[in-house]
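The structure appears right after this line, and notes come after that.
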Amino acid sequence: MLLQLRSPFSGSVDQLAVHNWACLFMEKQLSEAEAHCQEDNQDATEPEARAGWNSKIEYFLAQVGFSVGLGNVWRFPYLCHQNGGGSFLLLYVLMMLVVGIPLFFLELAAGQAIRQGSIGVWKSISPRLVGIGYSSCVVCFFVALYYNVILAWSLFYLGNSFQSPLPWTTCPEEANVTLYKCQANSTTSYFWYRKALDISDSINDTGSFNPYIVGCLLAAWTVVCLGMFKGIKSSVKVMYFSSIFPYVVLFCFLVRGLLLDGALEGITYMFYPKMELWANMQVWRQAATQVFFALGLGFGSIIAYSSYNPKSNNCHRDAYTVSFINFFTSVLATLVVFAVLGFRANKIVLECVVRNLKLLLVQAQSGDVDQSMLPSFNHSDPGSFGLEAYRSWFAQHKSHLPDNISECDLEKEMQKGVQGTGLVFIVFTEAMSLLPGSPFWSALFFLMLLNLGLSTMFGTMEGILAPLTDRFKTLANNKTKFTVLSCLIGFLIGLLFTQRCGNYFVMMFDDYSATLPLIIVVVFENFSVSWLYGADRFLDDIEGMLGWRPSAVYKYLWKYICQPAMLALLGATSIRMFINAPTYMEWHQETVSERAVPYPGWALAVLASLIIFAMLPVPLGFVYTLVQDRNRARSGGIAADEYRIVSTKSETPMADVSNVNQWSGDAASA
């Protein structure tokens, strides 16, 4: 050994010289290490005066506003309807408890402990994981692009709601061909496809820009920009209205809906449990996917919002509170949707009864139907016969009735489940047009959609802006300009969705730009915390923040339940994507109907590029850090990171998993 001290009291000149040399060597190594760390983290350090929430209510409104979005209104009711009603609700709660809430708690705690955006959080845990944060930013950007287009559509419908009668309740009086196409379908469907979208027959037919939607898109991005102008300080002021107003509207719709004929039948049909569907693995996949997206996992917005909290904030309680408010909102929206759809179905079926009775009278007079088969009803008011009476009469005589006399089944009408834009802009819009004072209810509904979308957009934009401004000081010093520039770029790229084929691109982005990348992001997030960093060590950090230690159950959930569940979801999603060729619903003007057609080759290339581009930062970040480590090792520096399972007995707070003591071994062996 070069450094060998005989005795602390020897007073040897040689010993003193060697000792001084060793100290200088160690000081040099430490200086190099510090320089490298500063080089890597010069932009990743926490801002000196990081913004914070003025109150817990502001933070709570922001988290709830982000997690509760359009999917609660137009996706959850459809999934519940298609997958067994009450049995799907039980399965959803189960998946939320064992997978959703633990992962939600993980993101909340990580953001609150490190007080950084998604890039800074995962770089703090390990520099080789920095790509996870960048992937979250890319996915947030993709989602923001098409999500704001949906807000533009809502603005367009909101503007058209202030007139009576509503423009989608009647067919336009133009050429006979146009009139026929409108009558061949519903008036709301005609308005959506021909007036609002002016949609092309195929994704290959780009067509011109829709000036009305372009104007609405500009207005939507302007509102988002003004809301994000001064970060959370300005956005939270909007959230006081945008997060609370939707609940007021939903309760108003629920009370009004329950008073409608057919509402109880719709709700009963909705929640009738079909437990046999639990044997279908697709039901489990859809429940897990809905939990995953409903809570907003992987976007980085949860981390960003929680990073503004004081470290003593009870993020454990927040995880349960926000999750169950999200679930409550989904159930509330489902009640509203099916109360109104039950009323719509009841009205359609009663019209069917009246139409059939009138047809029977004509056929009886012409001798095509036996007079004795006719039910007893007031010929001047066929609607007074009633649905139940018609059902029993039809069941008794259906074998002798002509083919043009239908059953008028309420249950079959309720089975025509729709989701997404079809539910909001066609079916639900049609149902509202049947209500007394329909312009008022229409304006209220689309104003609610606008506020739901705005709250989610604020969270999505925060998932982009917060990590990048934390990472780069230049952006932090010019955050207002960066916010305006981001919104301007979003608007310019968003013009793609305002073309006549724009709806097809919205569906493409919605189906493929976020699903697979976000699942991969959460898989890496959970793996890095529970296995690389260490679940016990992470719980130690949470105990240091909260003053009490969460249950050890979380350790086993993160390591042995959440990780396999997310990998299974990733595998099932990937297999389904490769087995079933990607298709989109094409609107055919001649047949006035939709049909599923495969994407053309160039569209598949765009689709694949979206997925690859969103996932690419993860391997690139890993390779880049690995190369840096090797270069530093050759130059005698200290590696930025060395992957290993962290000792769970370590008392080190949440920080880089690095071999920071490498210099001492080098000095000892020198």
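The values are calculated or read from the model by the stated rules, or taken from the named source; none is laboratory data. Everything numeric in this text was worked out from a predicted model, so none of it was measured. Using ideal geometry, Cβ is built from the backbone for each residue, glycine included, and neighbour counts are taken over all protein chains shown. These accessible areas exclude ligands, DNA and RNA; they are computed on the full protein's heavy atoms, side chains included. Shrake-Rupley method; radii C 1.70, N 1.55, O 1.52, S 1.80 Å.
The HN-Hα couplings worked out from phi for the range 524-534 by the Karplus form 6.51 cos²θ - 1.76 cosθ + 1.60 (θ = phi - 60°) are 5, 4, 5, 5, 5, 7, 7, 10, 6, 6, x Hz, whole numbers, x standing for Gly and Pro.
Return the carbon/sulfur percentage of the accessible area of the range 92-143, one whole number, probe 1.4 Å, all protein chains in place. Intermediate results must be reported in sequence, preceding the final value.
Working: 580 of 730 Å².
Reported share for carbon and sulfur atoms: 79 percent.
Available extension along the chain between D536 and T480 is 16.2 nm, counting 0.36 nm per residue and deducting the alpha carbon span.
Is the range 241-323 best put as rounded, prolate or oblate by its Cα gyration tensor, with a ≥ b ≥ c the root eigenvalues, rounded for a/c under 1.5, and otherwise prolate when a/b is larger than b/c, oblate when not? Show your work: numbers first, answer last.
Numbers: a/c = 3.06, a/b = 1.38, b/c = 2.22.
It comes out oblate by the Cα gyration axes.
In this structure, the amide hydrogen of K230, modeled 1.01 Å from its nitrogen in the peptide plane, lies closer than 5 angstrom to those of S235, counting only residues at least 5 positions away or on a different chain.
How high is the FRET efficiency between M275 and F440 when r is their beta carbon distance and R₀ equals 35 Å, given to the nearest 0.05? Each step should come with its number before you reach the end.
Details: r = 41 Å, r/R0 = 1.17.
With a Förster radius of 35 Å, E is 0.30.
Note on exposure: Y157, Y269 ranked by accessible area (1.4 Å probe, complete protein assembly) read Y269, Y157, with the most exposed listed first. Remark: the range 133-146, residue by residue, has Karplus-estimated 3J(HN,Hα) of x, 5, 4, 4, 5, 5, 5, 4, 5, 4, 5, 4, 4, 8 Hz, where x stands for each Gly or Pro and the curve is 6.51 cos²θ - 1.76 cosθ + 1.60 at θ = phi - 60°.
Close amide H partners of S593, meaning residues 5 or more places away or on another chain with modelled amide H under 5 Å apart, are H588. Note that the range 65-70 has calculated 3J(HN,Hα) couplings of x, 6, 6, 8, x, 4 Hz, one per residue in order, obtained from phi through the Karplus relation 6.51 cos²θ - 1.76 cosθ + 1.60 (θ = phi - 60°); glycine and proline are x. Compute the distance from the alpha-carbon center of the range 253-301 to that of the range 410-481, in whole Å. Here the answer is 18 Å between Cα centres. Full extension of the chain between F324 and D205 gives 38.4 nm of extra length, using 0.36 nm per residue less the Cα-Cα distance. Kirkwood analysis of the range 474-617, using all unique Cα-Cα pairs, places the hydrodynamic radius at 19.1 Å.
A full extension of the chain between S380 and R630 corresponds to an added length of 81.0 nm, given 0.36 nm per residue minus the alpha carbon distance.
In the distance distribution for the range 83-140, Cα-Cα pairs more than 18 Å apart total 50 percent. For the range 392-473, the carbon plus sulfur part of the accessible surface works out to 55%, probe radius 1.4 Å.
According to the Kirkwood expression over distinct Cα-Cα pairs, how big is the hydrodynamic radius of the range 399-504, in Å? Walk me through the intermediate numbers first.
Values: mean 1/r = 0.0540 Å⁻¹.
Its Kirkwood hydrodynamic radius stands at 18.5 Å.
If Lys and Arg each add +1 and Asp and Glu each add -1, what is the summed charge of the other residues whose beta carbon sits under 11 Å from the beta carbon of C501? Net local charge, C501 excluded: -3. Can you work out the PRE-style zone for R317? Point 7 Å along Cα to Cβ, and I want the residues of the range 519-558 with backbone N under 15 Å. Zone members listed by number: 546-550. Exceedance of the 26 Å cut-off in Cα-Cα distance is limited, within the set K123/K555; K56/K230; K237/K481; K237/K555; K237/K311, to K237/K555.
For the range 562-636, the orientation-averaged shadow of the C-alpha convex hull comes to 8.6 nm² (one quarter of the hull surface). Rolling a 1.4 Å probe over the protein heavy atoms gives the range 67-138 an accessible area of 16 Å² per residue.
Less than 5 angstrom separates the built amide H of Y584 from those of V597, Y599, all sequence-distant by 5 or more or on a different chain.
Would you kindly work out the equivalent ellipsoid of the range 507-556 from its C-alpha gyration tensor and give its semi-axes, the square roots of five times the eigenvalues, largest first in whole Å?
Values: eigenvalues 196, 26, 14 Å².
The answer is 31, 11, 8 Å, longest axis first.
Quick note on the range 138-276: its Rg to Rh ratio, both from C-alpha atoms and Rh being the Kirkwood radius, is 1.04.
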